[in-house]
Amino acid sequence: MPVQLDITPADKEHILQNFFRNTSVQFKIISTHTSKFGEQRAGYLGDHFLLTFNVIVTSSESDDPTVQEIKLFVKALPQAIPSLATYLQETNAFSKEAQLFRELIPRLQALGRFGPEALFAQSDELIVFRNLKLEGFRTLQHNDGLLDLIHLEQTLRVLARMHATSFALEAQSGQTLSDLFPGRLDENSWILKENYPRVKELENIIGALCALVKHYEKNGKRRDKLVGCLPECVRQIYELVKSSEVYRNVFSHADLWNNNVMFRYSEHGSPVDCLLVDFQLARYVPPAYDFNMLLSLTTTSSFRRKHLSFLQGYYYQSLRKELTRHEITVEEILTQDEFQDACQLYRKAGAIDSFIINHVTLLPRDILDEVFSSPEQYERFTGESKITECLKAFDGNLSYRTRMVDIIENVVETFELQ
């Protein structure tokens, strides 16, 4: 079904100029068409479309013009759910990502690719990207949110590359990213200030956490202790997301659940490459924040107990390799002991983030589809209504119940509430 987007003829020319990059290429737009990007939502903090150009292309290298069909990915403020659009505007989420793709991310990706290329980010209401699916990248198709060891290795490798570009740009410029791009990495997720929408959201999340604990914990003494202690543990996120004064900070993705990681596969089905998408919540914190967030969101407690030491070493050696490309010695930036100490500190952030994100994203697909089916359903999904849906999924879906218990018990263990 055709969709109308606010893209002017001049914008379209600009998009294609960036697409071709080659000054010897000339083009004439025959037609454009916009449609939904797939039957199901590709993400929850925006609408996603396929922008198709039919173009006559001529080049100095060839006398004969060709007709080409160019398919691009568009991320836009939600059209069908006004309250979600308002939320994204109030939290600066969409405009932040557009600004990052206008300014900071291209500077970083000139030093090493870790994400998509934006062809148009002049608007704070939509961004046009090269279509990563046409390069063979895709997200995992299952909904359990878990990554196995080989997928984690690929993700940690690209995460280390992204962090290394941050260190390299600072080394080249002699300035921190905060000084180079003032305000661009300001926190927009967890800010403790009056009337900020995510303050109320965090309290709703705490309500869901406590409701689930009350629902499954049969030991009354332990249940009362957890319900009494967990709210203040979760509220520590307001401090944990702040830039560190102890460790070196980097450009941090800060939203590393499995839908924001795309993989490319060999003909045998093994992942051979990886890219990160969705930078609406990016912040300026130590690398250990992203490391812990990724592992907490995409692995189980038993998996981490078995593989944590290896994965810490794998990330650190990947960072060493990437920094060596930029003629930087990793120990000058971050010793292995410092990285492990920071991982211990940010383990708390990872545990909190795992519940914050996964208690919603791991809900059965039919529930999420219903939530985003209309403005009324979306606005209803808060407070007691959301708790009801989470409890229903907990009772009716074994995968959700197993993951939620594991995630909550990880918070309990991390904050030593046993």
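The values are calculated or read from the model by the stated rules, or taken from the named source; none is laboratory data. The shown structure was predicted, so the numbers you read here are calculated from the model rather than taken from an experiment. Virtual Cβ from ideal backbone geometry, glycine too; neighbours counted across all protein chains shown. The protein model used for the area step is the full one, side chains on, heavy atoms only, and it has no ligands, DNA or RNA in it. Shrake-Rupley method; radii C 1.70, N 1.55, O 1.52, S 1.80 Å.
Residue 417 to residue 80: FRET efficiency via 1/(1 + (r/R0)^6), r the Cβ-Cβ distance, R0 60 Å, to the nearest 0.05? List each step's numbers first, then the result.
Values: r = 41 Å, r/R0 = 0.69.
For R0 = 60 Å, the calculated efficiency reads 0.90.
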Report summary line: Net charge (Lys, Arg +1; Asp, Glu -1) of residues whose beta-carbon lies under 10 Å from that of residue 252, residue 252 excluded, is -1
Report summary line: Reviewing [x] 4, 20, 31, 27, 13, 4, 1, 0, 0; [y] 4, 14, 18, 15, 13, 10, 8, 7, 5, 4, 2, 1, 0, 0, 0, 0; [z] 5, 21, 29, 23, 14, 6, 1, 0, the figure for P(r) over Cα pairs in 10 Å bins from 0, in percent actually calculated from this model sits under [x]
Report summary line: Taking placed amide H atoms and a strict 5 Å upper bound, the residues 5 or more places from residue 285 or on another chain that come that close are 250, 252
Query raised in the report: With labels modelled as points extended 7 Å from the Cα through the Cβ direction, what inter-label distance (nm, one decimal) is found for residue 67 paired with residue 232?
Result: 7.0
Query raised in the report: Once phi is turned into θ = phi - 60°, what whole-Hz ³J(HN,Hα) does the Karplus curve with 6.51, -1.76 and 1.60 give for every residue of region 329-339, x standing for Gly and Pro?
Result: 8, 4, 5, 5, 9, 7, 6, 5, 5, 5, 5
**Report entry** Environment charge of residue 213, counting only residues whose C-beta is closer than 12 Å and scoring Lys/Arg +1, Asp/Glu -1
**Finding:** +2
Requested in this report: Evaluate the charge dipole of region 264-383 about its Cα centre and quote only its size in Debye, nearest 20, assuming +1 on the Cβ of each Lys and Arg and -1 on the Cβ of each Asp and Glu.
Outcome: 400
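Give the accessible surface of the chain per residue, rounded to a whole number of Å², with probe radius 1.4 Å and ligands, DNA and RNA excluded. Write out the running numbers ahead of the final one.
On the way: 18860 Å² over 418 residues.
Accessible surface, normalised per residue, equals 45 Å².
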Query - From phi via Karplus (6.51, -1.76, 1.60), per-residue ³J(HN,Hα) for region 372-382 in Hz, x at Gly/Pro - result: 9, 7, 6, x, 5, 5, 5, 5, 6, 7, 7
Report task. Compute the length gained on full extension between residue 221 and residue 308: take 0.36 nm times their separation in residues and subtract their Cα-Cα distance, giving the result in nm to one decimal. Result -> 28.1 nm
Report task. List every residue whose amide H lies under 5 Å from the amide H of residue 131, counting only residues 5 or more places away in sequence or on a different chain, with H placed 1.01 Å from N in the peptide plane. Result -> 73
Report task. Towards the positive end of the charge dipole of the chain, with charges on Cβ (+1 Lys, Arg; -1 Asp, Glu), say which of 182, 234, 136 has the farthest Cα. Result -> 234
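Leaving out ligands, DNA and RNA, what percent of the accessible area of region 217-348 is carbon and sulfur, probe 1.4 Å? Could the numbers behind the result be given before it?
Values: 2780 of 5890 Å².
Result for region 217-348: 47 percent of the exposed heavy-atom area is carbon or sulfur.
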**Report entry** Pair residue 117, residue 18: separation of 7 Å Cα→Cβ label points (nm)
**Finding:** 1.1
**Report entry** Calculated from backbone phi, Karplus (6.51, -1.76, 1.60) coupling profile of region 305-319 in Hz, x at Gly/Pro
**Finding:** 4, 7, 10, 4, 4, 4, 5, 4, x, 5, 4, 5, 5, 5, 5
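Rounded if a/c is under 1.5, else prolate if a/b is larger than b/c, else oblate: which is region 82-158, with a ≥ b ≥ c the root eigenvalues of its Cα gyration tensor? Provide the component values of the computation, followed by the final result.
Details: a/c = 2.05, a/b = 1.36, b/c = 1.50.
Oblate shape, in that a/c is at least 1.5 and b/c is the bigger or equal ratio.
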Report summary line: Between residue 178 and residue 245, the two model label points (7 Å from Cα along the beta-carbon direction) sit apart by a distance in nm of 1.0
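What is the sum of charges, Lys and Arg at +1 and Asp and Glu at -1, for the other residues whose Cβ falls under 13 Å from the Cβ of residue 273? Don't jump to the answer; show the numbers that get you there.
Working: positive: 113, 138, 157, 161, 264; negative: 135, 153.
Surrounding charge for residue 273 is +3.
Calculate the dipole size of the chain relative to its Cα centre from +1 charges on Lys and Arg beta carbons and -1 charges on Asp and Glu beta carbons; express the result in debye to the nearest 20.
Working: 45 positive and 56 negative charges, 156 e Å.
With Lys and Arg at +1 and Asp and Glu at -1, about 760 debye.
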Report task. Any chance you could run the full-extension gain for residue 214 through residue 338? It's 0.36 nm times the residue separation minus the Cα-Cα distance, nm to one decimal. Result -> 40.8 nm
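Could you sort 196, 314 by their accessible area in this structure, using a 1.4 Å probe and putting the largest first? Mind showing how you got there, number by number?
Details: 196 20, 314 65 Å².
In descending accessible area the options line up as 314, 196.
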**Report entry** Sequence-distant residues sharing a close amide H with residue 244 (under 5 Å, placed H)
**Finding:** none
Requested in this report: Could you tell me which of 286, 56, 350 has its Cα farthest along the dipole of the chain towards the positive end, charges placed at Cβ (Lys, Arg +1; Asp, Glu -1), taken about the Cα centre?
Outcome: 350
